[in-house]
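Here's the structure, in structure tokens; my notes come after.
Read-outs: derived from the displayed coordinates by stated rules, not from any lab. As the structure is a prediction and not an experimental result, all values here were calculated from the model. Here the Cβ positions follow ideal geometry from the backbone for every residue, glycine too, while neighbour counts run over all protein chains shown.
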Amino acid sequence: MKFDEVLNDIRSSFGGLWLTKQRGNSLEIITPYATTNNKFISLFITEQGDDFFITDGGWINSGMYDVLPKDEDTTYLKIFEHFKMSFDVKEIDSQGVTFYYVKANKYIDIPSRVLGFSTFVQNIVSISEIDFETKTEKETKHRFYSKATNYLKLYDQEEKLKFNKFLLDEKKELKFNAIFSNSAGSITLINYITGSTDSYFASNIFKTNTLFEMADSSKYKRHIKNKLSLIDNNAAGYLHRSTKGYLFHLKNHTGSEIIDWSEKERIKEFLS
Amino acid sequence: MTNKLVYYVYLHSFTPNFAIETMASKKNHKVKDNYIFYNELLAKRKSIFSEVIDIKKFGNHPRTLEESVDVTHPDVSDKMVLLVDVKVNNYNFFQFKLRYKEFLDNPIFRFDSDGATHWNQIDGNPLHKQQIPTPHFHKFNEDGVEVAYKTDHLQDESKKKALEDIENCIVHFFHECNIRVNENSFPSIKILSNQLGFSFENEDPNQNILFL
């Protein structure tokens, strides 16, 4: 094998994959970095003041790579944070779309930022293709969520209930299964907890714990009247001995009311 | 009638637990195993009955308008739809998708005017020929692999320019996958009912965002 020739071929083939499109004041760079669903990563470079910003153009969160981030999955979020921190990626919301970006103070740093940021986008899009939950877990969640939502819809003040609702429109990670408006400026947050195994059940408790904690550190804290955790005490994951300890912690730590499905009528005490 | 019978039998022979693979490098076995049927879905004359497609509702993706139109195919009775997506701040950024959910969750055929460059990861082609920037069509090949391709019109600079306009482009799309309005005409397209006669063409995604 002629090694030099092989290397030259690889270099020229790779080099030929860099393409550009002028988009107003930004330059789209189509990179040779591809995702597992066969999309080449595009980056958008723009200059503001003395700084250069390399962004994803909002493409990750707009589904431009044919997948959407699984930002409700704790495993996904761990991986996402790992890549975000590793390449010092920042985010900003613009008209309902999250843009990811990195900054270069000096022109000389642009190529290095492009390499790091391409790696970030490539990985985030690729891991968005992974199904982190088992089929049984998906079905368990779907079944309990439908059951719980249908039960709440029977409540005679249903118009005050909103399902799958963000606490703050600008914070997409703060989403609850239901939010009830008790009165003007007073709300009740409701989250459902189920799980097909003890570890899924525990992970769903931790997620609710984190969401309630985040809500309490937000500017809406003083408006939160109640925090309700509706527990699927018929789920396979509920039976494990550690579950009770985690639920006890959820109650003590966040002040959440723990309501088992078998005593679901108690919810009404908090919805008035 | 014979065809109808064949298709009926064959739709019901699909494996119920089939997991659709979305990655283009992976094979979609449902398409691969039923490739003749898949091709007939695209090749046979289909119809819509809306002379005007008025795109005015927001769809699943942020900042994207979406309209859905029913499509009839001579051999299938299940619902087939044409979806038209347009970016609310850039009317030249649109997608046409032909969806037949009884067969595939993903669109069976699609056109992207803009957006991500596709990698046709198929051996035996030089690397640069595997890279297909937009505008491009998407379909499945005989191996069940989703591939992007450009028609001759999309490779001809003057014709390509005309196809940046959604109304011209839908005619090209209709020719490519054989759809017509009624017998032999094409739809006109309104975006937000042509409100105030404005057209938005902001192609810079970073515009008006102050990065820190």
**Request:** Let me know the shape class of region A:3-127, please: from the alpha-carbon gyration tensor, a ≥ b ≥ c as square roots of the eigenvalues, rounded when a/c is under 1.5, otherwise prolate if a/b is greater than b/c, or oblate.
**Result:** oblate
**Asked** Mind checking the alpha-carbon convex hull of region A:135-270 and giving the volume per residue in Å³?
**Response** 103 Å³
**Message:** Just to be sure I understand the model, the point goes 7 Å from the Cα along the line to the Cβ. What's the resulting residue B:50 to residue A:129 distance in nm?
**Reply:** 3.2 nm
**chain A: angle of helix A:110-127 to the longest principal axis, Cα-based, in degrees nearest 10** = 40 degrees
**Asked** Once amide H atoms are built 1.01 Å from N in the peptide plane, which residues 5 or more positions from residue B:53, or in another chain, come under 5 Å H to H?
**Response** B:188, B:189, B:190
**Asked** Taking Cα pairs under 8 Å and at least six residues apart, what relative contact order does region B:2-196 come out at, in percent?
**Response** 23 percent
**Pairwise centroid distance, computed over Cα atoms, of region A:1-34 with region A:174-201, Å** = 48 Å
**Asked** Rounded to a whole number, what is D in µm²/s for chain A from Stokes-Einstein with the Kirkwood radius over alpha-carbon pairs (10 °C, 1.306 mPa s)?
**Response** 74 µm²/s
**Folded to 0 to 90 degrees: helix A:135-153 orientation relative to chain A principal axis, Cα** = 50 degrees
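What are the semi-axes of the equivalent ellipsoid of chain B, taken as the square roots of 5 times the eigenvalues of the Cα gyration tensor, listed largest first and rounded to whole Å? Walk me through the intermediate numbers first.
Details: eigenvalues 173, 101, 55 Å².
Largest first, chain B gives 29, 23, 17 Å.
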**Message:** Which one, B:48, B:68, A:181, is farthest towards the positive end of the dipole of the protein assembly as shown when Lys and Arg carry +1 and Asp and Glu -1 on their Cβ?
**Reply:** A:181
**Fill in**
For residue B:46, the residues 5 or more places away or on another chain with a placed amide H closer than 5 Å to its own amide H are B:179, B:180
**Asked** residue A:265 versus residue A:106, label points 7 Å from Cα toward the beta carbon: distance in nm?
**Response** 7.3 nm
**Item:** Simple spin-label estimate for residue A:253 and residue B:150 in nanometres, 7 Å along Cα-Cβ
**Value:** 5.5 nm
**Prompt:** To the nearest 0.05, what FRET efficiency results for residue A:72 and residue A:5 with a Förster distance of 41 Å applied to their C-beta separation?
**Reply:** 0.25
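Which value does Rg/Rh take for region A:103-212 over its C-alpha atoms, Rh per Kirkwood?
On the way: Rg = 19.8 Å, Rh = 17.3 Å.
That ratio is 1.15, to two decimals.
Quick one: grab the alpha carbon gyration tensor of the protein assembly as shown, order the square roots of its eigenvalues as a ≥ b ≥ c, and give me rounded if a/c is under 1.5, else prolate or oblate depending on whether a/b is larger than b/c.
Values: a/c = 1.68, a/b = 1.35, b/c = 1.25.
Since a/c reaches 1.5 and a/b is larger than b/c, the shape of the protein assembly as shown is classed as prolate.
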**Fill in**
The helix B:2-11 Cα axis meets the longest alpha-carbon principal axis of chain B at an angle in degrees, between 0 and 90 and rounded to 10, of 80 degrees
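Using only the Cα atoms of region B:129-188, build the gyration tensor, take square roots of its eigenvalues as a ≥ b ≥ c, and label the shape rounded, prolate or oblate: rounded if a/c is under 1.5, else prolate if a/b is larger than b/c, else oblate.
Cα axes put region B:129-188 in the oblate bin.
From Cα pairs below 8 angstrom and at least 6 apart in sequence, can you work out the relative contact order of region A:45-175, rounded to a whole percent?
Working: 124 pairs, mean separation 33.3, N = 131.
Once normalised by length, the contact order is 25 percent.
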**Fill in**
Counting only DSSP beta bridges fully inside region A:135-270, the antiparallel percentage to nearest 5 is 50 percent
**Message:** Suppose we keep just the DSSP beta bridges with both residues in the protein assembly as shown; what percent of those would be antiparallel, to 5?
**Reply:** 80 percent
